[in-house]
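A.B. asks: First, the structure itself, so that you have it in front of you.
The values are calculated or read from the model by the stated rules, or taken from the named source; none is laboratory data. Note that this is a predicted model, so its numbers are computed, not measured. Note: ideal-geometry Cβ built from the backbone for every residue, glycine included; neighbour counts use all protein chains shown. For the accessible areas, the whole protein counts, side chains as well, though only heavy atoms, and no ligand, DNA or RNA atoms are used. Shrake-Rupley method; radii C 1.70, N 1.55, O 1.52, S 1.80 Å.
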There are 2 protein chains.
Amino acid sequence: MSTPAESSSSSATSIGQAAKSAFERSQLIPTTERITALEAICTQLEAARESIFEANKLDLQAAQVEVNAGRMSESVKKRLDLTSTDKWSSMIQGVRDVAALPDPAGNVTYASQLHDDLELYRVSCPIGVLLVIFEARPEVVVNIAALAIKSGNAAILKGGKESHHTTALLAQAIATGLSQTQIPAEFIQTIQTRAEVSSLLQLDQYIDLVIPRGSNSLVKNIQNNTRIPVMGHADGICHVYLDESADAVKAVRVVVDSKTSYPSACNSAETLLIHESLLSTIWPKVATALLERDVKLQCDEPSITALQNHIPSDPRFPSHVSPSNPESYGTEFLTLTLSIATVPSLHSAIRFVNLHSSHHTDTIVTESPSSASLFCRGVDSAGTFINASTRFADGFRYGFGTEVGISTGRIHARGPVGLEGLVTYKYMLRSRAEDGHIADEFGAGEGQKRFTHTKIEAADVPFL
Amino acid sequence: MSTPAESSSSSATSIGQAAKSAFERSQLIPTTERITALEAICTQLEAARESIFEANKLDLQAAQVEVNAGRMSESVKKRLDLTSTDKWSSMIQGVRDVAALPDPAGNVTYASQLHDDLELYRVSCPIGVLLVIFEARPEVVVNIAALAIKSGNAAILKGGKESHHTTALLAQAIATGLSQTQIPAEFIQTIQTRAEVSSLLQLDQYIDLVIPRGSNSLVKNIQNNTRIPVMGHADGICHVYLDESADAVKAVRVVVDSKTSYPSACNSAETLLIHESLLSTIWPKVATALLERDVKLQCDEPSITALQNHIPSDPRFPSHVSPSNPESYGTEFLTLTLSIATVPSLHSAIRFVNLHSSHHTDTIVTESPSSASLFCRGVDSAGTFINASTRFADGFRYGFGTEVGISTGRIHARGPVGLEGLVTYKYMLRSRAEDGHIADEFGAGEGQKRFTHTKIEAADVPFL
């Protein structure tokens, strides 16, 4: 008899093999089938709406028991709800929007004639098999399936167990939609158990990219337990730096928006850096605006002293202002709490950011072009902003049409990732010479062929 | 007292920290300093030539002892020799060539006006800190230092212990060259021990990319022992497939060149796939040409039977033709040995390649445009070729000017990698509005701002 661990490992192997095989077979199918599949999935989802809503009610009832027992927060329960507001219609519209985006695969990004009748094309293509792990929100299964199908990647999806009634029916609608096309049924698979995830994370022969979407601990746990590349971010520790030359109005607006417009988002600011020359001028104004928005301030010694001198009678002072400690910096509060540090120079600010930032997005408020330039070059983050809120770091706001996630890694994709993040490329080389092309004929010697390396203008590969 | 392991771990931490700090500081220095540094390094190398050659003699003498004792091959010893042929002048010219290449950093690859006076630029930039591990050839320290400096990446280099006298002096010339510029001295560091490598492979907070250049076992060992992204390839198991419609002349030329022009290269063919319809026509011709080049053939049953029927009297038959076994496929021979398999169809060939290939480069010999198209789409390798030798898979032949390595991974860079493989990108967002830009003002509601997402034509960032 096999142990549960052995059984999930053998099941994971079958799932991985099936996904890889489905991916490989799908590459021989016309890409128009991908659009057909997305349309069919929308139709199936619409047809199954009532039963999906019933399943969602079951998940919500189970969640209510957890909330009552104090084991789940109201906000997590709310994320499970697919029936409220316009979530359902947004989800369906999202699939249609993805279908309408330009194809990220099949685009030539480099083409060169190496020699007469010898043409090289670098062409974008799907990566292979994605393993996507997410929590709570059941609609993510549909979002991710749409992105995977559009980009030509097979996917294995694991949702949270809290939404399993809902995701089971969503997955069934996706499978039924796919079955109406030539795309193999195993192109999109869903799995249920953590044991299967653990086993799949070891199968780098089948899985090409892992995309965790969820809490810091989920992402860190995955990053620490696989050799497969992981795309995503654990922390979002963003900084706003008020430069010596900062404008007061911009400073107040950018800091307040970066901190308060959506505190639990990864692109919200967690730390404010202040050039010491601003302690008695702009800083009290910024602090007042933050306190008016109920923000709690963890201040270093110079910044707290400045507030004691300049806004000592603010009624929120006792409850909202406290001294910072070393842990205040580099913490992702995700709430209305902001840590403050004073710096003597721009260079010191850059060093501070590089030391404490999660390399997500950091912004400078400045009127000085040279400070802006140094900050953008010196801060080693996916986003470096000038007089703009960190909250703009987002795939939709950047104009990508959709967002796969936000990556704080430097390899492959960085920052907000659109469909482009789900493709790689391959090189295709075609000889049209009468006797083909062989490498041995090329060289620097007399009578040998020379490479010409002439650029070819091409948007796609002519022989595909 | 600290143990050796603790000591190399603390030394590795210092090296990693110093590299990261040097990288961060270097980003504030004008990029023209990188060219100045490369020129200064050439000057220093030329000045130190005699002493470097003396050091090289010491390494060669030590190597001779190893060769005499049977612990080192002649070919490894030969790779250590920096004084023979034009190796020295090629090395120096290589640095000048790299200096003359276009800057891979600072290029805008996406630019969009998100709203009036709010401009987004995606700009290529160095990755950070590279850890490069290589064997034998001492000149690699100079090649890699040049690539790192040109692309703006700090690097930690570990050469083989067999060349340590030579690499020590090469590293000293590099350091002296760098010291004549504003680039920090720790921008290029060299390390000596495997213990330091092991410790550095754990330091993903300082090291951003590992590039192993050497044997299969070196690469596999590194891939298995780090969470840091690794760029490179372990195996090079390339296939040639002779399609039903293959032309005999092309078949012979492409197979012979792919196998014999440089058997120990990673882009040489290891397996030949033959459509069953060619067994009595083209296959005997190809086999004869291979036997004439002293190639040993490991054949499946149909292909060996065909040879028994068609070229039974070839004198090399007894010594050079043998039955294959399952291990014959998926083996990187690196010698004049080729495994042969017969397939009933193109689809079957594609499945065979995807199962056994190392996803490096595979080629089809065909006169059929539809077979060519299916092969190129269906084979999941970095290079898919038509009527051309696998040996063309090479950065110089592709026209990249230089080659960092060849990647069989799908993430970040794939196939032969030029300087582009040493850069990532970041997003820079600048508001020029009077009061800056905040996200809270944007939305679908009345009076809210809308994103415009208008393309900006820009080759570089105007405010850097």
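A.B. asks: Between region A:87-165 and region B:52-66, what's the alpha-carbon centroid distance in Å?
C.D. replies: 54
A.B. asks: Now for a separate question. Over chain B, what is the mean sequence separation of C-alpha contacts under 8 Å (at least six apart), divided by residue count, expressed as relative contact order in percent?
C.D. replies: It comes to 19 percent, rounded to a whole number.
A.B. asks: While we're on this one: Expressed in nm to one decimal, what extension gain is obtained for the pair residue A:308 and residue A:113 from 0.36 nm per residue of sequence separation less their Cα-Cα distance?
C.D. replies: Extra length from residue A:308 to residue A:113 when fully extended: 63.2 nm.
A.B. asks: Let me ask something additional. Work out the mean other chain Cβ neighbour count within 10 Å for the residues of B:90-100 and drop it here as an integer.
C.D. replies: Shielding by partners across B:90-100 averages 0.
A.B. asks: Simple spin-label model, 7 Å along Cα-to-Cβ: residue A:456 to residue A:265 in nm?
C.D. replies: If labels sit at residue A:456 and residue A:265, their model points lie 4.4 nm apart.
A.B. asks: Amide H of residue A:382 versus every other amide H placed in the peptide plane: which residues, excluding those fewer than 5 positions away on the same chain, fall under 5 Å?
C.D. replies: A:360
A.B. asks: Further question on the same structure: Within 10 Å of each Cβ in A:185-195, how many Cβ atoms from other chains are there, averaged over the peptide?
C.D. replies: Going residue by residue through A:185-195 and averaging, the value is 0.
A.B. asks: A further question follows. Convert 20 °C to kelvin, take the viscosity as 1.002 mPa s, use the Kirkwood radius over C-alpha pairs of the protein assembly as shown as Rh, and evaluate the Stokes-Einstein diffusion coefficient in µm²/s, rounded to a whole number.
C.D. replies: Using the Kirkwood radius from Cα pairs, D works out to 71 µm²/s.
A.B. asks: A further question follows. Only bridges with both residues in chain A count here: give the DSSP antiparallel percent, nearest 5.
C.D. replies: That works out to approximately 35 percent antiparallel.
A.B. asks: On to the next question. Debye calculation, C-alpha points only, no solvent: report log10 I(q)/I(0) for chain B at q = 0.10, 0.11, 0.12 Å⁻¹, in the same order as the q values.
C.D. replies: Result of the Debye calculation: -0.87, -0.99, -1.09.
A.B. asks: Residue by residue through region A:414-420, which ³J(HN,Hα) values in whole Hz follow from phi under the Karplus form 6.51 cos²θ - 1.76 cosθ + 1.60 (θ = phi - 60°), with glycine and proline marked x?
C.D. replies: Computed from phi, the couplings for region A:414-420 are 9, x, x, 10, x, 4, 3 Hz.
A.B. asks: Quickly work out the residue A:319-to-residue A:396 label distance, labels modelled 7 Å from Cα along the C-beta direction, and quote it in nm with one decimal.
C.D. replies: The answer from the label model is 3.3 nm.
A.B. asks: Sticking with this structure for a sec: Compute the longest continuous run of chain A that contains no exposed GluC sites (Glu not before Pro); treat a site as exposed when its DSSP state is not H, G, I, E or B and it has at most 12 other Cβ atoms within 10 Å.
C.D. replies: Result for the longest clean stretch: A:1-433.
A.B. asks: So how much accessible area does residue A:356 have, in Å² to the nearest 10, using a 1.4 Å probe?
C.D. replies: The accessible area of residue A:356 comes to roughly 50 Å².
A.B. asks: Next question. Give me the inter-chain shielding for A:123-130: mean count of other chain Cβ atoms within 10 Å, whole number please.
C.D. replies: Taking all residues of A:123-130 together, the mean is 2.
A.B. asks: If I take R0 = 22 Å and measure r between the Cβ atoms of residue A:217 and residue A:67 in this structure, what FRET efficiency does the formula 1/(1 + (r/R0)^6) give, to the nearest 0.05?
C.D. replies: 0.60
A.B. asks: Note the distances from residue B:192 to each other copy's matching label point, with points 7 Å along the Cα-to-beta-carbon direction, in nm, sorted shortest first.
C.D. replies: 6.0
A.B. asks: Of the listed pairs A:250/B:449; B:150/B:426; A:77/A:150; A:161/A:220, which have alpha-carbon separations greater than 22 Å here?
C.D. replies: The answer is A:77/A:150.
A.B. asks: Put the label 7 Å from Cα along Cα→Cβ for residue B:75; what are its distances to the other copies, in nanometres, shortest first?
C.D. replies: 6.1
A.B. asks: List the trypsin sites (Lys or Arg not before Pro) within region A:52-132 that DSSP assigns to loop and that have no more than 12 neighbouring Cβ atoms inside 10 Å.
C.D. replies: Those satisfying the criteria are A:71.
A.B. asks: Next question, about the same structure. Put a label point 7 Å from Cα along the Cβ direction on residue A:420, then list its distances to the equivalent points in the other copies in nm, shortest first.
C.D. replies: Copy-to-copy label distances at residue A:420, shortest first: 1.3 nm.
A.B. asks: Also: Hey, what did region B:200-352 get for relative contact order, percent, Cα under 8 Å, at least 6 apart?
C.D. replies: 24 percent.
A.B. asks: Still on this model: Which percent of the accessible heavy-atom area of region A:238-399 goes to carbon and sulfur, probe 1.4 angstrom?
C.D. replies: About 55 percent, which is the carbon plus sulfur part of the accessible surface.
A.B. asks: Next question, about the same structure. Give me the distance between the Cα centres of region A:188-224 and region A:354-382, rounded to whole Å.
C.D. replies: After rounding, the separation between the Cα centres reads 33 Å.
A.B. asks: With the alpha-carbon atoms as the only input, what is the per residue convex hull volume for region A:238-399 in Å³?
C.D. replies: Normalising the Cα hull of region A:238-399 by residue number yields 97 Å³.
A.B. asks: At R0 = 60 Å, how high is the FRET efficiency between residue A:39 and residue A:280 if r is their beta carbon distance? Nearest 0.05 is fine.
C.D. replies: Efficiency, rounded to the nearest 0.05: 0.45.
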